[in-house]
2 protein chains.
Amino acid sequence: MKITVAGRSQEMRALWYEAGEVIMIDQRLLPNTFKLVRFTKCSEVAASIKDMTVRGAPAIGVAAAYGMLLATREGIDLGGAASMLKATRPTAHDLFFAVDSMLEAVRSGKDPEKAAIAYADSIVDKCRLIGEYGEPLIKDGATIMTHCNAGALATVDYGTALAPMRVARNKGKKMFVYVSETRPRLQGMKLTAYELLNEGIPHAIISDGASGHFMRKGVDIIIVGADRIAANGDFANKIGTYEKAVLAKELGVPFYTAAPISTFDFTIEDGTQIPIEDRNEEEVTVIDGHRIAPKGCRALNPSFDMTPNRYVTGIITEIGVIRPNEVGKVRRMLQ
Amino acid sequence: MKITVAGRSQEMRALWYEAGEVIMIDQRLLPNTFKLVRFTKCSEVAASIKDMTVRGAPAIGVAAAYGMLLATREGIDLGGAASMLKATRPTAHDLFFAVDSMLEAVRSGKDPEKAAIAYADSIVDKCRLIGEYGEPLIKDGATIMTHCNAGALATVDYGTALAPMRVARNKGKKMFVYVSETRPRLQGMKLTAYELLNEGIPHAIISDGASGHFMRKGVDIIIVGADRIAANGDFANKIGTYEKAVLAKELGVPFYTAAPISTFDFTIEDGTQIPIEDRNEEEVTVIDGHRIAPKGCRALNPSFDMTPNRYVTGIITEIGVIRPNEVGKVRRMLQ
């Protein structure tokens, strides 16, 4: 992705491995502060996933793969390392997929450094392909809506939901993107708007509750990411996604989710079985260190919601755009 | 309404007139700071409406009536005062209704002080009746959802959407209220949660985007306020209302708006003709004085949205609960 640091636009990934260190952009500080953090221990990487220094299902997967690599360099028990990483966040499927991939690579005698880097590169490749397959869905002059951050920051590079927009832009298409701010952590306002600004793609931030208003005024396509996709095409994504899906159906707006196959959990038959992470209520009641809610009031803070397959027009993957009812076909193809 | 000031719970209105002064709770400072402000000039009242020291359609109406009263005491041109007040905010119908009522009262030789106080008292009476008529809709043990603040702060006392809850609580019914925080200005988190806390009604604050998630988990009734209701039952209310209405329809949750008849604009045939106020984009990009959005990113900030009548189960008014298609009947009744 393009990131302007100290006035200079440069190409950069959200995280990478270099000479014994995992280096990542501290996404909690964006957009105001650009800072790289460096880890040499698996436990530090696990903490960075839990505290959301790195976030977004595919990027969490890559961080976990790098975490397993650091564990092999530390010489600690890999089973323990795997358990520690898997315990960080419950919803994103990529986390489990990446840790198991690394365990399998080590078990089969592969070089852990090569395996982890290959995993990261494969995610980037998949996102690039998601961009290629999704691009034709964006007509020239399109008005697009997205939610949360399913961009390069969430996926190492390119993004999932944002990848088709990057490719469309590269092909000379014009577009305008409504970025819903995505309370409580405001990843839409802080991260997606930041990516679009850095890429020069026209956009406007809106309150989450304004999505329906603007959808009715005219949106050509909605593209969001996914944290876990069940075998029937139901999927979990950032809280607020389900609302947009229902509104899109009501208003006839095509609604797509974009994700690599690593986000599919074929062991889960439908979305009701996807665990939904409840996070700290202070994410709602305190904004940027300032208590907003009355003292004594409580909040509920589910981090994700589940969108049933009937609201999904298509799933943009690295093997093409599929219908929710074709997920089973993909499972059989992969087996 | 009950408000606890310095540890003591006391009965108070959101604004009132006393000995030449309009006194109001500065709602911009709640919930952290409780402060009363006092005005002796119509222009000060107009400014307090514009800057949202006072907000909520019925309370804006009462403030405007008091503003007209101050204008008569100042001896300034009443036509000019009326224009100044009407230019403060475009969506709430009560504003225009109240100013015109005061002009008519003065024209017909009534005492302006008595007329303004009578207008305020009549709004309070209407809200009390809205509470009485709406209370039977709340079953004992109900899970309720509301949006923004349609409480006593918005209506001088009792509230519109919150009035049935106050009456139900007084009758001994148990309930639990989901309060959607209502970005960008967070009136749900700051004001509705504050009112419910002061009244001892159990509740939890949620992000606006979590409404669908919790509605699917189980909500018995949604009650919101209204800023303007058209002759066909379409209505404008705080941005995010339309989304809840669509979700409620999809999930079979009864969806009510509560408002006095002064909120009805019988001159407007349907909701597409209701003017929607666009407010400053900094309400979205800056939270409590802190810039959240990346420098250089823009936001769009419509303050209201319009909910078509087909999503509305009923309108709770001071003359009873009516169906959206009965608004025309009310018009004929009043003529």
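Below are the figures for this structure:
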quantity	calculated
Around residue B:153: net Lys/Arg minus Asp/Glu count, Cβ-Cβ under 10 Å	+1
Cα→Cβ-extended label distance, 7 Å offset, between residue B:270 and residue A:272, nm	3.8
Check: the protein assembly as shown dipole with +1 on Lys, Arg Cβ and -1 on Asp, Glu Cβ, in debye	80
Accessible-area composition of segment A:197-246, carbon plus sulfur, in percent [1.4 Å probe]	47
Heavy-atom accessible area ranking, 1.4 Å probe, most first, across B:135, B:250	B:250, B:135
Span per principal axis, largest first, for the Cα atoms of segment B:185-247 (Å)	37, 25, 22
Shielded by partner chains, segment B:258-293 residues - at least 20 Å² of accessible area, 1.4 Å probe, vs chain alone	B:284, B:287, B:288, B:290, B:291, B:292, B:293
Fluctuation leader among A:204, A:120, A:152 - chain A, Gaussian network, Cα springs under 10 angstrom	A:204
Per residue accessible area of segment B:247-335, 1.4 Å probe, in Å²	44
Relative contact order of segment B:27-121, pairs being alpha-carbon contacts under 8 Å that are 6 or more residues apart, as %	29
Å² of accessible area per residue within segment B:144-198, as computed with a 1.4 Å probe and no ligands counted	19
A:133, A:158, A:242, reordered so the largest accessible area comes first (probe 1.4 Å)	A:133, A:158, A:242
Efficiency of FRET between residue B:86 and residue A:76 - r from beta-carbon atoms, R0 56 angstrom, step 0.05	0.20
Carbon plus sulfur fraction of accessible area for segment B:49-124, probe 1.4 Å, in percent	57
Farthest toward positive dipole pole in chain A [+1 Lys/Arg, -1 Asp/Glu at C-beta], among A:15, A:212, A:235	A:212
Simple spin-label estimate for residue B:326 and residue B:288 in nanometres, 7 Å along Cα-Cβ	4.4
Cα pair distances of the protein assembly as shown binned at 10 Å [whole percent]	3, 16, 25, 23, 16, 10, 5, 2, 0, 0
Average Cα contact separation per residue, chain A, under 8 Å, 6 or more apart, as relative contact order %	16
Proximal aspartates and glutamates to residue A:173, defined as alpha-carbon separation beneath 19 angstrom and excluding residues fewer than eight positions away on the same chain	A:132, A:135, A:140, A:195, A:199, A:220
Threshold 40 Å² - residues in segment B:188-226 whose accessible area is reduced by that much or more when the chain is no longer isolated, probe 1.4 Å	B:189, B:197, B:205, B:207, B:209, B:213, B:216
Extension reserve of the residue B:113-residue B:217 stretch, reckoned as 0.36 nm per residue once the Cα distance is removed	32.4 nm
Cα-projected label distance for residue B:8 with residue B:335, points at 7 Å along beta-carbon direction, nm	5.3
Pairwise burial A:B, computed as accessible area of each alone minus the pair, summed, 1.4 Å, Å²	4400
Dipole magnitude (debye, nearest 20) for segment A:1-143, charges at Cβ of Lys, Arg, Asp, Glu	340
Karplus-derived HN-Hα couplings along segment B:194-200 (A = 6.51, B = -1.76, C = 1.60, θ = phi - 60°), whole Hz, x at Gly and Pro	4, 5, 5, 4, 5, 8, x
Chain A - mean residue ellipticity at 222 nm from DSSP helices (-39,500 (n - 2.57) per run, n ≥ 4, rounded to 500)	-11000 deg cm²/dmol
Net charge dipole size for chain A [Lys, Arg +1 and Asp, Glu -1 on Cβ; Debye, nearest 20]	660
Pairs beyond 23 Å (Cα-Cα), from A:238/B:244; B:126/B:249; A:50/A:295; B:2/B:171; B:50/B:238	B:126/B:249; A:50/A:295
Residue A:282 - accessible surface, heavy atoms, 1.4 Å probe, Å² rounded to 10	80
Length-normalised contact order for segment B:139-226 - Cα pairs under 8 Å, 6+ apart - percent	40
Net lengthening on full extension, residue A:125/residue A:279 (0.36 nm per residue, minus Cα-Cα)	52.3 nm
Solvent-accessible area per residue for segment B:84-124 (1.4 angstrom probe, square angstrom)	43
Taking N as its residue count, the alpha carbon Rg of segment A:193-317 over 2.2 N^0.38 Å	1.18
Selection from B:143, B:133, B:163 lying farthest towards where the dipole of segment B:129-174 points positive, charges on Cβ	B:143
Modelled FRET efficiency - R0 22 Å, residue A:319 with residue A:100, Cβ distances, 0.05 increments	0.60
Percent carbon-and-sulfur accessible area, segment A:286-335, ignoring ligands, DNA and RNA, probe 1.4 Å	50
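The values are calculated or read from the model by the stated rules, or taken from the named source; none is laboratory data. Predicted model only: the values in this text are computed from it and were never measured. Here Cβ is always computed from backbone atoms with ideal geometry, including for glycine, and neighbour counts include all displayed protein chains. Note: areas computed on protein heavy atoms with side chains; ligands, DNA, RNA excluded. Shrake-Rupley method; radii C 1.70, N 1.55, O 1.52, S 1.80 Å.
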